[in-house]
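Single-structure report; data block below.
The values are calculated or read from the model by the stated rules, or taken from the named source; none is laboratory data. Because the structure is a prediction, the values reported are computed rather than measured. Cβ sites come from the backbone with ideal geometry, for glycine too, and all protein chains shown count toward neighbours.
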């Protein structure tokens, strides 16, 4: 018989935080939303959590506003939302983080407004939202972005995998 009972895993976003997006890769659960802390530290707005203990992993992404969508392919973590900076770097509403080193990558489509949803299919990231320009092109609210190109990594390490 299945019960649907909640497990003991409880990262408890604070204060009265909200989680808008989740993605899982291996032993890491990525959470985005509106919160100051989650998993005992983490945040604000985005955190990587241990899938067993629910504690936040050591990192410092610190987007300056909410994260509402997350996609991962194991090597990279793509985030979208209402932010304009990540780790002190300009990243308008969409960014890619290196999942093994935790660095903000050079990939920068620079959306002119909020990215609300993303789906990854091979080397194409489909994004939807309020934007009208992304990847240097006019794209009204939906776009397909190439993820196969990469510029040098920037920033400081933000994630320590378990």
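Which residue out of 14, 64 is touching a strand residue (DSSP E or B) at 6+ places or on another chain (Cβ under 7 Å), free of Cβ contacts under 8 Å to residues at least 40 places away in the same chain and closer than 23 Å to residue 109 by Cα?
Working: 14 fails: closer than 23 Å to residue 109 by Cα.
Only one candidate qualifies: 64.
Looking only at region 41-51, count how many residues are over 14 Å from residue 66 (Cβ atoms) and in contact (Cβ under 8 Å) with a residue 24 or more places away in the chain.
Of the residues in region 41-51, the ones over 14 Å from residue 66 (Cβ atoms) are 41-42, 48-51.
With in contact (Cβ under 8 Å) with a residue 24 or more places away in the chain added as a condition, the list becomes 42, 48-51.
Residues in region 41-51 being over 14 Å from residue 66 (Cβ atoms) and in contact (Cβ under 8 Å) with a residue 24 or more places away in the chain: 5 in total.
Here residue 104 meets each of (1) within 27 Å of residue 149 (Cβ to Cβ); (2) modelled with pLDDT under 95; (3) surrounded by fewer than 22 Cβ atoms within 10 Å (Cβ to Cβ) with one exception, condition (3).
Can you pull out the residues in region 111-138 that are part of a loop (DSSP other than H, G, I, E, B), surrounded by 16 or more Cβ atoms within 10 Å (Cβ to Cβ) and without any contact (Cβ under 8 Å) to a residue 40 or more places away in the chain? Steps first, answer last, please.
As a first pass, look at region 111-138 and keep what is part of a loop (DSSP other than H, G, I, E, B): 111-114, 122-123, 130-132, 135-136.
So of that shortlist, the ones also surrounded by 16 or more Cβ atoms within 10 Å (Cβ to Cβ) come out as 111, 114, 131, 135.
Residues satisfying the conditions are 111, 131, 135.
Taking residues in region 87-109 that are closer than 15 Å to residue 30 by Cβ, and partners anywhere that are buried (at least 23 other Cβ atoms within 10 Å of the Cβ) and modelled with pLDDT under 90, the pairs with Cβ atoms closer than 9 Å and at least 6 places apart or on different chains are 95/61; 97/61; 102/61; 104/61. Looking at 20, 83, which one is under 14 Å from the mean Cα position of the chain (by Cα) and over 23 Å from residue 149 (Cα atoms)? Of 20, 83, the one residue that is under 14 Å from the mean Cα position of the chain (by Cα) and over 23 Å from residue 149 (Cα atoms) is 20.
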